[in-house]
Amino acid sequence: MTKYKFTTVEEMPPLAFSLESTREIPTGSWRHVRPVYRDKNSPCHVTCPAGEKIPDYFELVRQKKYKEAWYKILEDNPLPGVTGRVCYHPCEGQCNRAGYDGAVAIHNIERFVADKNFKNRKLPAAVEARKSEKVAVIGSGPAGLSCAYQLSRLGYRSVIYEADHEPGGMLRYGIPDYRLPKKILDKEIKDIEALGVEIMVDSKIGDNVAWSELERYDAVFVAVGATHSRKIGAPGEDLKGVYTGIDFLKELSTGNVPKVGRQVLVLGGGNTAIDAARSALRLGKRVTVLYRRTRVEMPAVPEEIEEAEKEGVHFEFLVTPVKISGSKGKASEIELMKMQLGEPDESGRRRPVPVIGSNFSMRADTIISAIGEEPDLSFLPYSFLRKGIRLFVDDEHTTGVPGIFAGGDAATNPNGTVVNAIRAGKEAAISIHEFLGWRSRSNGVSHDAVKPEEVNTFYFPHEGRVEVPRITVQKSKTTFSEVNKTLTEEQALTEAERCFTCGTCLHCDVCMTFCPDVAISKDESGEYTIDYEHCKGCGICVNECPRGAMELVPEGAREAVEEVEHI
Amino acid sequence: MGQIKYQLPPDEVLAPGHFACPGCGATLTMRYALKALGRKTVVVIPACCWSVIDGPVPYSAAGVPVFHTAFETAASTASGVKAGLDAQGDHETTVLAFAGDGGTFDIGLQALSGAAERNEDFIYICYDNEAYMNTGIQRSSATPFGAWTTTTPAVSPKAEKKKNIIEILAAHRIPYLATASVAYPDDMIAKIRKAKDIRGFKFIHVFSPCPPGWKFEPEDSIKISRMAIESKVFPLIEIIDGIDYALSKEPDGIPVRDYIKMQGRFRHLNDEQIGIIQANVTEDWERLRAKFAPTRKVSRSRRDESTGENKSSQTRNVTRTKNARKRAQKSRG
Ligand SMILES: Cc1cc2nc3c(=O)[nH]c(=O)nc-3n(C[C@H](O)[C@H](O)[C@H](O)COP(=O)(O)OP(=O)(O)OC[C@H]3O[C@@H](n4cnc5c(N)ncnc54)[C@H](O)[C@@H]3O)c2cc1C
Ligand SMILES: Cc1ncc(C[n+]2csc(CCOP(=O)(O)OP(=O)(O)O)c2C)c(N)n1
Ligand code: SF4
Ligand code: SF4
Ligand code: SF4
Ligand code: SF4
Ligand SMILES: [Mg+2]
């Protein structure tokens, strides 16, 4: 500070004046709360079972860096072309934009990114050094594929044993073409193979490959899915014209169109039932789905039920089969009983109870029973713990037998979805890595996600969710070609722009713009610095941040402050 | 469309370390004004919070010369400073009178009217925090109906409506008149820059929340400013030559209640009183609306808003500048 010294009255100015800047006054001492930059999780990321870094890859999409966006997804999920089509997208259910003007169409953008990279592509190489250990994976469904893929990223060689003639599990033999074209699946499986994952098809453990064969591996991941249809337990189940949903769909997907009569009845309320119904409809039949509870309890994805309805599938609720009868060994009629909803069962859904004396019959040329699938664990030695019909695993996917891990539909706590199988594969790969003596980088997803009220919606003008392009219902109900289309680039960009980018700073300058104390500055690299010498802790920056990427912490709580700064 | 963003002039003329309360709207007003005007500016400040905010001798936060003057004399002092600069042949430096609502609506009104009538060539910014804050929250004629201040306690809150300073100034037919808000810094800066390029008397009325005076958390300053605009309590407008009205932003029209509920100074109000405020706001809005009702110019300016182009206002700017110059010459001659 310059000192002004006046030795005579004449030297003094006629008025008092200031030549120093208040910059010398440390008004930061007034502060009792401190703003800090702190990136937080987005609810979509926390909710996505695969743990995709959704706001991060959306930002790459907005910059039209589609390859980088794809790579970002591939860190967590090797099958974005699949999940972008068939994932039931729980992420969107938690999207902070949902309550504003409609959730961001996350899975459609995921699909756009995958499809944009359909041609001329190569997966990034392993992230970790090559290891000498080898891992066996049983089953090439999404759980097995995801595990083998993550293991190869970690530097391991793995071999997948697949009972069927082609890999993919339910992705190939369950989900029909009109939702997931085979060329998408084939491409993503090829990519995984290109990383060095070996897939041995026609190799069923416990059948043509002995369990003991696996002893030469350092670890095993059991991902055999739930491939056996549950029996309805009604007389006549074995008549001709009665299919299980899984068999029916498998036949279709291998190109052998099953024989079906004009009137098709589908028993069940899950995805298999809906897919079987929509497939039969595409064969030009009249199709009715019979379900023992009501529409709200149906476990199938609501959007799929809606689609089925639009295409002309009929529904009968609160009915259960009693007996199938027919002539000359072929089914022709089904006897049903009416149900009503009673007390909630362990799943929380109201239990259906029979209405005595309400039996009635319906004509049925073909009956498809799709009341659920169970794993076939008969190949496993008895030493394995089971829980109900499934193989018991803990949160780390260990079975209790050292070196043997399991996940996906075959193991406990699946929720019977593709993305959960992908999650199981990823988590199991990390567990195997640790079992083999390595320390893995923390995968811990912290669950504190940005809440809707932390988003400052002022900064986001209303813009409705994208209308997903699709072929007309008239057309869709007659063909197995894909119903929903990929977003156009323009649509994908508009949709990605809708994302609030919850919790990740986008360097939008809003915090800096509104600081009354000029305490925020930006350096050449684009990073912000808060001048705590002068910040008074008003909190405007934190409150105005459009996306909850800042936080106010109590002043003086040094540990809290330091912890936050190191994130 | 994505996120709304602001591109402000990067130069920070205002220094930190000033004496404003946390979350002060008046301080943001100054920060944006100096960004808009740049360093070739002289500021004249009468007695008000800003005489304190700028800092104690020998410190100053403004980063440009500041002349502190008596409560009632912002406009007359600024007239003098402008004449002094002119006398020295400096026609470039901008003179900015920066006064509170007390110094503008009340005690400074006579000097303000004089300067406006003489069409003095400077910018007058009134940062309106709706009371005498510097001396401890006494009512001013800018305090809104129903508000608590230390001189209008909750048992008998302010019974009169806020004085309509805009219409008073419009009646002076000054070349440029605008309202602005700290929640819309891009709009405020554009208006101040426009004012800078116009000769003659320019008045900008800025809505500037005061956390301790209005009793709200400092972090909500911007939110409250935004709600004042969106609820039509404080419309963002421009008036050219006191005659041509243009709306700068179409408000969403949120209930006034939402705005009022954010502030402790309105806590005592019952539903009936809030109803009166809403009715007043609606009536004032309709009256204002009628002034820029479907004339050719207005539809043009709306189109500008949607395309983000400023073309027609620039053209209007030119004519205005001519008018202003003519008038300025007349007043000097
Ligand atoms: C018709 C249908 C539609 C569906 N639609 C959807 C949907 O839209 N969205 C969604 O998220 N989920 C859907 N699902 C569920 C989803 O497909 C499964 O949850 C998922 O495929 C489970 O993955 P997984 O890897 O555990 O098992 P699977 O995909 O079942 O794969 C298991 C694999 O292991 C093989 N295998 C079994 N036993 C052995 C053995 N002993 N030796 C070697 N290999 C063996 C099988 O042949 C199979 O390839 C659907 C399921 C069905 C049936
Ligand atoms: C002639 C005169 N009367 C009273 C005062 C005391 N005084 C200083 S600032 C002020 C209030 C200023 O109110 P306003 O103009 O609204 O500015 P704010 O303090 O709200 O920023 C008063 C009454 C004074 N300085 N001079
Ligand atoms: S995998 Fe499923 S949950 Fe994850 S982002 Fe994609 S659609 Fe959402
Ligand atoms: S707005 Fe974007 S970041 Fe936030 S939850 Fe939705 S998709 Fe995720
Ligand atoms: S706006 Fe400025 S003064 Fe207020 S808390 Fe943020 S950095 Fe500090
Ligand atoms: S306001 Fe913008 S720049 Fe500041 S923290 Fe939030 S996202 Fe980042
Ligand atoms: Mg005031």
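Nothing in this text is a laboratory measurement; each read-out follows from the coordinates by a stated rule. Model, not experiment: these values are computed from the prediction. Positions of Cβ are generated from backbone atoms using ideal geometry, with glycine treated the same way; all protein chains shown enter the neighbour counts.
Odds and ends about this structure:
- Whether the range B:25-332 is rounded, prolate or oblate, judged on the alpha carbon gyration tensor where a/c under 1.5 counts as rounded: oblate
- Anchor A:Lys330: lysines whose Cα lies under 20 Å away (excluding residues fewer than 8 positions away in-chain): A:Lys231, A:Lys240, A:Lys259, A:Lys285
- Per-residue mean of foreign Cβ neighbours for A:11-24 is 5 (Cβ atoms of other chains, 10 Å radius).
- Of the peptides A:378-386, B:222-230, B:138-146, the ranking by mean beta-carbon count within 10 Å, highest at the top, reads B:222-230, B:138-146, A:378-386.
- Available extension along the chain between A:Val355 and A:Glu527 is 55.1 nm, counting 0.36 nm per residue and deducting the alpha carbon span.
- Computed magnitude of the charge dipole of the range B:25-332 (debye, nearest 20; Cβ of K, R +1, Cβ of D, E -1): 1100 debye
- Distance (nanometres) between label positions extended 7 Å along Cα→Cβ at B:His268 and A:Arg262: 8.4 nm
- Shape analysis of the range A:229-372 places it in the oblate category; the axes a ≥ b ≥ c from the Cα gyration tensor give an a/c of at least 1.5, with a/b not above b/c.
- FRET E, pair A:His32, A:Lys5, Förster distance 35 Å, beta-carbon r, rounded to 0.05: 0.35
- Between A:Glu434 and A:Lys183, the FRET efficiency estimated from the beta carbon spacing at R0 = 41 angstrom works out to 0.65.
- Local net charge near A:Ser18, Cβ-Cβ under 13 Å (Lys/Arg +1, Asp/Glu -1): -2
- Among the listed pairs A:Lys183/A:Lys451; A:Lys187/A:Lys477; B:Lys5/B:Lys215, those whose Cα-Cα separation exceeds 32 Å are A:Lys183/A:Lys451.
- For the range A:275-347, the set of trypsin sites (Lys or Arg not before Pro) satisfying both a DSSP loop assignment and a count of at most 14 other C-beta atoms within 10 Å is given as A:Lys328.
- For the peptide B:52-59, the mean number of other protein chain Cβ atoms found within 10 angstrom of a residue's Cβ is 5.
- Working note: 222 nm ellipticity from helices only, DSSP H runs with n ≥ 4, each -39,500 (n - 2.57), summed and divided by the residues of chain B, gives -12000 deg cm²/dmol to the nearest 500.
- Above-threshold pairs, the threshold being 32 Å between Cα atoms, out of A:Lys522/B:Lys191; A:Lys182/A:Lys387; A:Lys250/A:Lys426; A:Lys387/A:Lys485: A:Lys182/A:Lys387; A:Lys387/A:Lys485
- The loop-placed trypsin sites (Lys or Arg not before Pro) in the range A:1-61, going by DSSP, that have at most 11 neighbouring Cβ atoms within 10 Å of their Cβ come out as A:Lys3, A:Lys5.
- Here A:Lys328 is the anchor, and the aspartates and glutamates within straight C-alpha reach of less than 15 Å, apart from those fewer than 8 places off in the same chain, are A:Glu237, A:Asp238, A:Asp365.
- On full extension, the segment bounded by A:Glu467 and A:Asp101 gains 130.4 nm, given 0.36 nm per residue less the C-alpha separation.
- For chain A, with +1 on Lys and Arg beta carbons and -1 on Asp and Glu, the positive-most of A:Gln340, A:Ser42, A:Tyr532 along the dipole: A:Gln340
- Computed over the range A:450-567: relative contact order in percent, which uses C-alpha pairs under 8 Å that are six or more apart: 29 percent
- Farthest toward positive dipole pole in chain A [+1 Lys/Arg, -1 Asp/Glu at C-beta], among A:Asn96, A:Ile73, A:Thr486: A:Thr486
- Charge tally in the Cβ shell below 9 Å around A:Val264, where Lys, Arg are +1 and Asp, Glu are -1, A:Val264 excluded: +2
- Net charge of the neighbourhood of A:Lys131, taken over other residues with C-beta under 10 Å away and scored Lys/Arg +1, Asp/Glu -1, is 0.
- Annotation for B:Thr135 and A:Glu68: the two label points, set 7 Å from Cα along the Cα-Cβ direction, are 5.9 nm apart.
- Rounded, prolate or oblate (a/c below 1.5 giving rounded, otherwise prolate when a/b exceeds b/c) for the range B:54-175 by Cα gyration tensor: oblate
- Placing a label point 7 Å from the Cα of B:Gln110 along the Cα-to-Cβ direction, the residues of the range B:72-93 with a backbone N closer than 20 Å are B:72-81.
- For the residues of B:61-68, the average number of beta carbons from a partner chain within 10 Å of their own beta carbon is 3.
- Annotation: peptides A:532-538, A:115-121, ranked by per-residue average of other Cβ atoms within 10 Å with the highest first, follow the order A:532-538, A:115-121.
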